[in-house]
Ligand code: ADP
Ligand code: MG
């Protein structure tokens with residue numbers, strides 16, 4: 001670029017702030033920063049959404065509806081009308097014996113004056129069928145001078161994701177300036193060419209240029225699909241960076257020390273003896289893994305995956321006894337109050353007979369009760385503390401916290417998990433972490449998303465469960481279902497009716513619009529069903545009710561006093577009522593597979609044959625039909641997770657609050673899942689052979705360089 005600033009040497013690096021670019025004042029810099037674009041490198045990585053081909057002209061007669069094209073022609077006629085709203089129509093011809101109409105709904109007088117017959121125009125847009133042949137609504141256009149032979153573009157024009165307050169032309173210009181600052185390939189490239197996965201892919205510099213300024217003959221279809229080699233190259237480096245970042249965190253963790261919880265396990269044995277059931281083989285295996293981890297003076301970081309109903313809670317309770325046996329404290333956090341309450345009840349039943357004191361700390365615990373709980377936690381009188389996000393708040397201090405258990409981890413952010421971990425004692429120890437999830441995720445994805453955790457699977461259900469029969473039924477057949485509920489309740493079985501509208505946010509202090517609408521829908525359904533089922537006692541649970549009301553209703557349902565429970569997705573996690581054998585899910589087509597599978601896990605917990613009816617609003621899209629079919633065919637959470645990834649991508653599986661994973665700039669875990677094995681191999685190689693390069697890759701893509709970078 002032309003050197004217009006003094007700081008030329010610094011400009012060679014991607015770390016240069018955008019404010020060093022020409023035309024970037026404080027206000028533009030601020031707007032860019034609001035979208036995470038702070039440095040020149042951020043601009044390099046701000047990739048086009050799509051491309052417009054202005055490298056050639058298309059004769060008007062060759063235009064096709066729906067295909068963007070550039071046209072040059074002469075204004076033949078202009079018509080201004082006011083039919084329903086003002087409209088300006090400009091007919092353009094190019095001698096190819098066809099006419100194109102440009103149509104404007106918003107226009108200024110000056111514009112109208114421009115379009116005199118005989119004036120030459122060059123315009124770009126997507127033609128659509130109009131009243132008289134093809135037309136382009138609001139084309140991009142410019143008026144050409146008398147004899148002007150304006151040059152055609154020599155690369156495809158990038159269209160960038162819009163940035164509020166920075167016009168597209170400005171953004172293009174700034175990115176162009178940033179690209180002029182790209183160092184040569186050798187200086188930019190961090191990855192050795194021999195790294196697994198790189199063979200056959202272009203280098204970083206070449207890839208960036210290919211994506212920002214693709215040549216006229218670029219493979220537009222591949223670019224649109226995200227499978228162009230340049231895109232794969234960038235996705236690979238980005239995935240590698242995120243994976244390395246988690247692996248670095250893990251290595252950093254392993255440098256820390258934790259209390260070795262290596263007692264004889266007497267409490268654990270007594271707990272097992274007191275249980276009304278025998279642990280499954282999978283539970284025993286996973287508990288043995290946890291116990292081996294806890295015995296070491298290094299913080300455990302283990303994720304236990306287990307399908308709904310696989311019995312994770314008792315494994316958590318067993319782990320807790322190991323900490324208590326060593327005189328330490330345990331915190332168990334669950335994402336919803338309902339779930340936390342159930343854990344509290346379970347842990348009290350199991351642990352109090354062993355003389356272990358279990359305390360309760362949730363958002364609704366206030367005043368004196370809260371002060372008392374806090375005091376017990378701080379003094380160490382409470383050996384096990386169960387709660388919600390409230391556990392993670394400031395002001396909650398532990399006496400000697402040695403084990404943190406987080407249930408349904410995907411509902412928490414990583415930051416929250418770390419906040420709880422940071423509540424460990426100050427004697428140079430950090431707590432062990434046990435993370436539980438009922439959302440099985442495919443192995444390669446787990447290795448990427450949870451590269452900082454060891455993963456165990458409880459892959460066996462307790463005996464005596466009969467698989468849930470699943471059917472998908474059009475909402476038009478709702479009356480039949482009311483009959484089925486009547487019949488089930490007449491046989492003293494119980495049923496759930498799940499109302500869904502939009503994802504519900506619970507217990508995070510931000511009850512949103514979605515929750516209100518959902519609660520209203522549930523209330524309406526509750527009233528309807530109460531009328532239609534006069535002989536059945538119907539209860540209602542939704543996220544806008546007081547926790548005490550919710551709890552009372554849940555308890556009544558659990559005790560069998562209610563036959564039918566109308567609920568929102570708050571019952572998704574944790575609720576355990578073995579006598580419930582029928583579930584109806586409304587608008588099932590709107591929910592993700594993983595979530596439906598979770599919901600369905602509420603039935604089939606007892607010995608009776610259970611069924612789950614997925615009600616949908618016809619017509620079903622092809623995709624929705626496929627998804628419901630998956631649920632009909634299998635009860636295996638891992639199979640469902642693989643399908644979910646295939647059909648919808650990882651966002652659904654991991655939850656939007658998941659780590660940096662939601663924040664990929666280029667990679668798309670579903671599209672690029674095939675790259676993951678190479679990413680893992682490349683990470684192994686870099687960490688073993690060039691850890692300093694690994695740090696630089698992380699710093700480039702993930703940031704946080706100060707935390708992990710060696711230099
Ligand atoms: P999840 O893995 O979904 O959290 P829970 O821990 O809630 O499952 O267990 C589901 C139910 O199964 C509970 O009622 C629990 O007491 C029971 N349970 C757990 N392990 C066993 C077992 N080995 N045999 C029989 N029932 C079990
Ligand atoms: Mg559970």
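Since every read-out is calculated from the coordinates, none of them should be taken as a lab result. All values derive from a computational prediction rather than experimental measurement. Note: ideal-geometry Cβ built from the backbone for every residue, glycine included; neighbour counts use all protein chains shown.
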If R₀ is 45 angstrom, what is the calculated FRET efficiency for the pair residue 185 and residue 480, using the beta carbon separation as r and rounding to 0.05? 0.10
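Using mean Cβ contacts within 10 Å as the protection proxy, how do 292-303, 144-155 order, highest first?
Most protected by this proxy first, the peptides run 292-303, 144-155.
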Arrange the following residues from fewest to most other Cβ atoms within 10 Å of their Cβ: 285, 232. 285, 232
May I ask for the angle, rounded to the nearest 10°, between helix 229-254 and the longest principal axis of the chain, with both axes built from Cα atoms and the value confined to 0 to 90°? 30
Using alpha carbons only, how many angstrom separate the centre of the stretch 260-329 from the centre of the stretch 81-133? 74
Separation of alpha-carbon centers, the stretch 162-232 and the stretch 361-387, rounded to whole Å: 54
Take residue 454 and residue 270, extend 7 Å from each Cα along the Cα→Cβ direction, and tell me the distance between the two endpoints in nm. 2.8
In nm, give the distance between the simple-model label positions of residue 621 and residue 349, each being 7 Å from the Cα along the Cα-to-Cβ direction. 4.2
From DSSP H assignment alone, runs of 4+ in the chain each adding -39500 (n - 2.57), the sum over residues rounded to the nearest 500 puts [θ] at 222 nm at -11500 deg cm²/dmol
Degrees, to the nearest 10: 547-558 long Cα axis against longest axis of the chain: 60
Please give the contour-minus-distance gain from residue 106 to residue 375: 0.36 nm per residue of separation, less the Cα-Cα distance, rounded to one decimal in nm. 90.1 nm
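Given a cut-off of under 8 Å on Cα pairs at least six residues apart, what relative contact order in percent is computed for the stretch 116-234?
In percent, rounded to a whole number, it is 20.
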Expected unfolding gain across residue 671-residue 639 under the 0.36 nm per residue rule, minus the alpha-carbon gap, is 9.7 nm
Using the alpha-carbon atoms, what tilt in degrees (0 to 90, nearest 10) does helix 691-701 show relative to the longest principal axis of the chain? 70
